[in-house]
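These notes concern the structure reproduced below.
The values are calculated or read from the model by the stated rules, or taken from the named source; none is laboratory data. Everything quoted here is computed from the prediction, not taken from an experiment. Note that each Cβ is placed from the backbone with ideal geometry, even for glycine, and that neighbours are counted across all protein chains shown.
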Amino acid sequence: MSGRGFRLRETNPAYASSEDQQARISFDEYQGRPNRLVSDFNGEKTFINDYIGREILELLQNANDAAAKAGKRGRVRFELAHA
């Protein structure tokens, strides 16, 4: 999760309450069905591996989606710099 999510949690108690509730639900599920934890972990690994090397394409797609939602033609500029 991005830093933005953490700031929302800190500034809005409703987010904290919702996250705490979801954490309890997940904990109870995993405690009752430990194999589910392994299955979910493996699913997350697969999901992450599917995106390796696609970061720029995903950013372009996100920009395109945002422009379409706004009803505008978008432009994207990438700048590469030495680290």
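Before moving on, here are some points about what is shown:
- Residues in region 1-55 that are among the β-branched types (Val, Ile, Thr) and modelled with pLDDT of 85 or more: ILE25, VAL38, THR46, ILE48, ILE52.
- Whether a residue is farther than 23 Å from SER26 by Cβ and either within 16 Å of the chain's Cα centre (by Cα) or of a type in the set (Asp, Glu) (or both) was assessed, and GLU55 passes this test.
- Residues of region 46-56 that are surrounded by 10 or more Cβ atoms within 10 Å (Cβ to Cβ), of a type outside the set (A, V, I, L, M) and out of contact with any helix residue (DSSP H, G or I) (no Cβ under 7 Å at 6 or more places or on another chain): ARG54 alone.
- For region 57-83, a residue qualifies if it is in a loop (DSSP other than H, G, I, E, B), small (Gly, Ala, Ser) and exposed (fewer than 11 other Cβ atoms within 10 Å of the Cβ), and the qualifying residues are GLY71, ALA81, ALA83.
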